[in-house]
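I'd like to ask some things about the structure below.
Please treat every number below as a calculation from the coordinates, not as lab data. Note that the structure is a prediction, hence the values are computed from the model and not measured. Positions of Cβ are generated from backbone atoms using ideal geometry, with glycine treated the same way; all protein chains shown enter the neighbour counts.
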Ligand SMILES: [Zn+2]
């Protein structure tokens, strides 16, 4: 019986003639089922109840480019950074920050005086 894919999907690895080669052997994963370190990072952040830049932008209805522009202009405060290689310094946000960012965005759009 062919071994199962190591990702946990339950599918069997299709044995091919080249898998008899002693230097390569049978692969551990089906092609494309290898764990993605970035995806693992994002799921750790989301499991802690934190939001990523993409989630914040979706809530504020602005693009990520616009977010970075406003952050560089000082409209938005510097967010908390988290991560390690291969992705150090990811921006992470607590859900409570959304209201503050939305207020800063509104103030910038409509002016502080009115
Ligand atoms: Zn798999």
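Just a yes or no: is a residue in segment 95-110 exposed (fewer than 10 other Cβ atoms within 10 Å of the Cβ) and farther than 28 Å from residue 40 by Cα?
Within segment 95-110, one or more residues are exposed (fewer than 10 other Cβ atoms within 10 Å of the Cβ) and farther than 28 Å from residue 40 by Cα.
Going by the conditions given, is residue 86 in contact (Cβ under 8 Å) with a residue 40 or more places away in the chain, exposed (fewer than 15 other Cβ atoms within 10 Å of the Cβ), assigned to a loop (DSSP other than H, G, I, E, B) and in contact with a strand residue (DSSP E or B) (Cβ under 7 Å, 6 or more places away or on another chain)?
Details: in contact (Cβ under 8 Å) with a residue 40 or more places away in the chain: yes; exposed (fewer than 15 other Cβ atoms within 10 Å of the Cβ): yes; assigned to a loop (DSSP other than H, G, I, E, B): yes; in contact with a strand residue (DSSP E or B) (Cβ under 7 Å, 6 or more places away or on another chain): no.
No: the conditions fail for residue 86.
Identify, please: which residue in segment 53-83 is in contact with a strand residue (DSSP E or B) (Cβ under 8 Å, 6 or more places away or on another chain) and in a loop (DSSP other than H, G, I, E, B) and is, among those, surrounded by the fewest Cβ atoms within 10 Å (Cβ to Cβ)?
Restricting to residues being in contact with a strand residue (DSSP E or B) (Cβ under 8 Å, 6 or more places away or on another chain) and in a loop (DSSP other than H, G, I, E, B), the top hit is 83.
Determine whether segment 37-45 contains at least one residue that is within 16 Å of the ligand (Cβ to nearest atom) and either closer than 30 Å to residue 6 by Cα or loosely packed, with under 13 Cβ neighbours inside 10 Å (or both).
As a first pass, look at segment 37-45 and keep what is within 16 Å of the ligand (Cβ to nearest atom): 39-40.
Restricting the remaining residues to those that are either closer than 30 Å to residue 6 by Cα or loosely packed, with under 13 Cβ neighbours inside 10 Å (or both) gives 39-40.
Scanning segment 37-45 turns up at least one residue that is within 16 Å of the ligand (Cβ to nearest atom) and either closer than 30 Å to residue 6 by Cα or loosely packed, with under 13 Cβ neighbours inside 10 Å (or both).
Within segment 1-45, which residues are assigned to a helix (DSSP H, G or I) and over 25 Å from residue 83 (Cβ atoms)? Let's see the steps before the verdict.
Initially, segment 1-45 is screened for residues assigned to a helix (DSSP H, G or I), giving 17-20, 37-45.
17, 18, 19, 20, listed by residue number.
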